[in-house]
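The values are calculated or read from the model by the stated rules, or taken from the named source; none is laboratory data. Quick caveat: nothing in here was measured; it's all calculated off a predicted structure. Methodologically, a virtual Cβ is constructed for each residue, glycine included, from the backbone with ideal geometry; neighbour enumeration extends over all protein chains shown.
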Amino acid sequence: MRCEVLLFAQLRDALDATHLNVELPDHTTVGSALDILSARHPEIAELRDRIAVAIDEQYARADAKLTDGCRLALIPPVSGG
């Protein structure tokens, strides 16, 4: 299945991209998608334990299943004032 991975803040800067188009196995969960993305991109692996994830604009847990054509947002911690 194909998914668009949206990148924000530090991840957007580190990967020099706003999104990635990825092919993932059917029945992939958020957790397994993070495994795959972390293996491909060390920048994601470094922040993995602190990334919030949303599927199609709804926050999602690690066991949530992805669907073909979904938009997976990776939201690292941000600070500001």
key: Leu20 being within 12 Å of the chain's Cα centre (by Cα) and touching a residue at least 24 places away in the same chain (Cβ under 8 Å)   = no
Residue selected from region 1-56 under the condition among the β-branched types (Val, Ile, Thr) and part of a helix (DSSP H, G or I), by the criterion surrounded by the fewest Cβ atoms within 10 Å (Cβ to Cβ) = Ile36
query = Can you pull out the residues in region 27-50 that are modelled with pLDDT under 95 and out of contact with any helix residue (DSSP H, G or I) (no Cβ under 6 Å at 6 or more places or on another chain)?
reply = His27, Glu46, Leu47, Asp49, Arg50
query = Given Ala14, Ala54, which one is over 18 Å from Arg2 (Cα atoms) and either touching a strand residue (DSSP E or B) at 6+ places or on another chain (Cβ under 7 Å) or in contact (Cβ under 8 Å) with a residue 12 or more places away in the chain (or both)?
reply = Ala14
ask   = If you check Gly69, Gly80, which single one turns out to be loosely packed, with under 14 Cβ neighbours inside 10 Å, modelled with pLDDT under 95, more than 12 Å from the chain's Cα centre (by Cα) and not charged (D, E, K, R)?
value = Gly80
Check on Ala62, modelled with pLDDT of 95 or more, crowded, with 16+ Cβ neighbours inside 10 Å and within 12 Å of the chain's Cα centre (by Cα) = no
Filter result (assigned to a loop (DSSP other than H, G, I, E, B), closer than 13 Å to Val5 by Cα and charged (D, E, K, R)) within region 57-81 = Glu57, Asp68
request  = Within region 27-49, track down each residue that is among the acidic types (Asp, Glu) and more than 15 Å from Ala64 (Cβ to Cβ).
outcome  = Glu43, Glu46, Asp49
